[in-house]
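For reference, the structure is listed below as structure tokens.
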Amino acid sequence: TSGMKIHCDNTRLILGGFVMPDNSVKLESVDHSDGTTITLSSDYDTFVKMVVAPQEYHTGYLQRIYNVQNFDSEYVDVIFMNTAQCSYATEPDFSLSDVISKAEWYSNTEEGFMILRLYLKNKGDFSGYSYEKNQNGQIKITLRKKPVSLEGLVVMVDAGHGGYGSP
């Protein structure tokens, strides 16, 4: 349940061995004080993956997909691996959110994961997300609205990674 891949050569089947119980995740609360922050609780820690979608990427040198072509995403998926059940403590209210319009749970029982899809109010209109665990073991995910201006912000430019044809 670590979310890490293990080589088959390093594994063995133990019949009747321990089977992890199904994890469940619950959306506990929504806060709008600094962007929109959702707080979730789970039965135990599990691997979480975040995906901004749909998204277009530029294919460049050696046919590698390496940068965003057009940022017009409609939602952010929060994928909880090894999770079979998700719920709301109370129905989330995003009416005060500048970023999120609604949230929906999706299940992939074959693969054993659940998705919390956070729909953006306006396509591509957010400046990223942060993910943290607090001292109570709860997950806090914050989406922030895109700033109106870059004045007063620090901008970091990644000049490339070397090699022929590097972006």
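The values are calculated or read from the model by the stated rules, or taken from the named source; none is laboratory data. Note that the structure is a prediction, hence the values are computed from the model and not measured. All Cβ positions, even for glycine, are placed from backbone atoms using ideal geometry, and neighbour counts span all protein chains on display. Note: areas computed on protein heavy atoms with side chains; ligands, DNA, RNA excluded. Shrake-Rupley method; radii C 1.70, N 1.55, O 1.52, S 1.80 Å.
On full extension of the chain, what length is gained from Leu15 through Glu74, given 0.36 nm per residue of separation minus the C-alpha to C-alpha distance?
Details: separation 59, 0.36 × 59 = 21.24 nm, distance 4.47 nm.
Gain on stretching Leu15 to Glu74: 16.8 nm.
Assuming a strict under-25 Å limit between Cα atoms, what lysine pair count do you get for region 11-151 once near-sequence pairs (fewer than 8 apart, same chain) are dropped?
Total qualifying Lys-Lys pairs in region 11-151 comes to 27.
Could I have the simple spin-label model distance between Ser24 and Glu104, label points 7 Å from Cα toward Cβ, reported in nm to one decimal?
2.3
Using Cα-only point scatterers and the Debye equation, what is log10 of I(q)/I(0) for region 1-71 at each q in 0.13, 0.22, 0.28 Å⁻¹, rounded to two decimals?
Summing over Cα pairs of region 1-71 leads to -0.79, -1.06, -1.26.
How many nm is it between the label spots at Asn134 and Lys146, if each spot is 7 Å from the Cα in line with the beta carbon?
Reported label-point gap for Asn134 and Lys146 is 3.0 nm.
Quantify, in whole percent, the carbon and sulfur part of the accessible surface of the chain (1.4 Å probe; protein heavy atoms only).
In the chain, the share of accessible area belonging to carbon and sulfur is 50 percent.
Enumerate by residue number the GluC sites (Glu not before Pro) in region 48-148 meeting two conditions: DSSP loop (anything except H, G, I, E, B), and at most 16 other Cβ atoms within 10 Å of the site's Cβ.
Those that pass, being in a loop and sparsely packed, are Glu74, Glu110, Glu111.
From the protein chains alone at 1.4 Å, what is the descending order of accessible area for Val76, Val52, Val148, Val19, largest first?
Of Val76, Val52, Val148, Val19, the descending order of accessible area is Val148, Val19, Val52, Val76.
Taking 0.36 nm per residue of sequence separation and subtracting the Cα-Cα distance, how much length would be gained by fully extending the chain between Thr90 and Glu56, in nm to one decimal?
That pair, Thr90 and Glu56, stretches by 8.8 nm at full extension.
Let me see the pair-distance distribution of the chain: every alpha carbon pair, 5 Å bin width, integer percents in order.
1, 7, 13, 16, 16, 14, 12, 9, 6, 3, 1, 0, 0
Check Ile100: other-chain or 5+ apart residues with amide H under 5 Å from its amide H, H built from backbone geometry?
Lys121
Of Asn122, Asn70, Asn136, which has the largest mean-square fluctuation in a 10 Å C-alpha GNM of the chain?
Of Asn122, Asn70, Asn136, the Gaussian network model singles out Asn136 as fluctuating most.
Exposed loop sites here are chymotrypsin sites (Phe, Trp or Tyr not before Pro) in DSSP loop states with at most 15 other C-beta atoms within 10 Å. What is the longest stretch of the chain lacking them?
72-163
Comparing Val154, Val25, Val48, which has the greatest mean-square fluctuation in the GNM of the chain with Cα pairs linked when under 10 Å apart?
Residue with maximal mean-square fluctuation among Val154, Val25, Val48: Val154.
Before I look further, what does region 41-129 give for accessible area per residue, probe 1.4 Å, in whole square angstrom?
Here the per-residue accessible area is 58 Å².
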